[in-house]
Amino acid sequence: MQEMTENIDNSAAQEEVPEDIQEDKTEKSEEDEKKKKKSPMDPIQLFLLNCLIIVAVIWLMFGFVLGLMQAPNSDMSPNIKAKDLILYYRLSREFHAQDVVVVAKNKTNYIGRIVAVPGDTVDITDAEKLVINGNTMIESNVYTDTPRYEGFLEYPVKLGNDEYFILCDRRTGGEDSRYYGSVTKSEIKGKVITAVRRNNF
């Protein structure tokens with residue numbers, strides 16, 4: 001009797017094993033089917049999509065966030081020289097004295113340094129010294145005097161609520177606010193981030 005009970009238990013256990021194995025096989029077959037399913041795009045299409053995304057990101061970055069231009073001359077020498085590549089940030093709307101900016105004036109792009117901000121009074125003396133609000137400026141990044149350009153502006157110049165005065169670092173012959181006048185915030189295309197010296201390539 002005991003032997004018969006053991007045989008019955010063993011047969012029941014043997015019957016349970018195939019069900020477990022069957023479940024495992026079912027799970028594996030489902031996984032295999034998922035693996036066999038093809039991607040909706042082949043590798044070439046996926047590559048082209050990635051390229052399109054990269055191009056779109058670059059276009060957005062350089063169309064709306066960053067700007068790239070070549071320095072047209074050496075007016076900002078020695079910090080920026082002719083043909084250097086200039087990278088500037090377009091979205092900056094807060095500008096301060098000593099910021100180097102790209103300016104669009106009279107359909108021409110210029111690079112210069114902000115020396116006076118809205119509300120300041122700018123004067124250039126007969127001794128070729130820059131005076132802001134009655135104080136003679138000592139500029140560590142400028143190595144020449146600041147001559148007036150006769151026939152363009154009358155000094156002193158009082159800046160309005162939205163006006164900035166721009167000067168080049170190379171003060172002799174540089175094209176800046178002494179030549180084209182003060183600039184408005186809307187005429188400032190962006191703040192210079194860095195310059196890459198192409199002469200070293």
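Just so you know, all these numbers are worked out from the coordinates, no wet-lab data involved. Remember, it's a predicted structure, so these values are computed and weren't measured experimentally. For neighbour counting, all protein chains shown are included, and Cβ atoms are generated from backbone atoms with ideal geometry for every residue, glycine included.
Being over 15 Å from ASP99 (Cβ atoms) and among the hydroxyl-bearing types (Ser, Thr, Tyr) is the filter here; which residues of the stretch 166-181 pass it? Selection gives THR172, TYR179, TYR180. Among the residues of the stretch 144-161, just one is without any contact (Cβ under 8 Å) to a residue 12 or more places away in the chain and of a type outside the set (Asp, Glu), namely GLY151. Would a scan of the stretch 99-110 turn up a residue that is more than 17 Å from the chain's Cα centre (by Cα), within 19 Å of TYR143 (Cβ to Cβ) and not hydroxyl-bearing (Ser, Thr, Tyr)? No; the residues of the stretch 99-110 include none that is more than 17 Å from the chain's Cα centre (by Cα), within 19 Å of TYR143 (Cβ to Cβ) and not hydroxyl-bearing (Ser, Thr, Tyr).
In the set (1) over 15 Å from MET76 (Cβ atoms); (2) in a loop (DSSP other than H, G, I, E, B); (3) of a type in the set (Val, Ile, Thr), the condition left unmet by VAL122 is number (2). Inside the stretch 146-174, residues that are surrounded by 14 or more Cβ atoms within 10 Å (Cβ to Cβ) and touching a Pro at 6+ places or on another chain (Cβ under 9 Å) make up a count of 6. Number of residues in the stretch 126-145 that are among the β-branched types (Val, Ile, Thr) and surrounded by 15 or more Cβ atoms within 10 Å (Cβ to Cβ) equals 3.
Candidates in the stretch 99-139 are the residues that are touching a residue at least 24 places away in the same chain (Cβ under 8 Å) and among the polar types (S, T, N, Q); of these, the one that is farthest from THR194 (Cα to Cα) is THR121.
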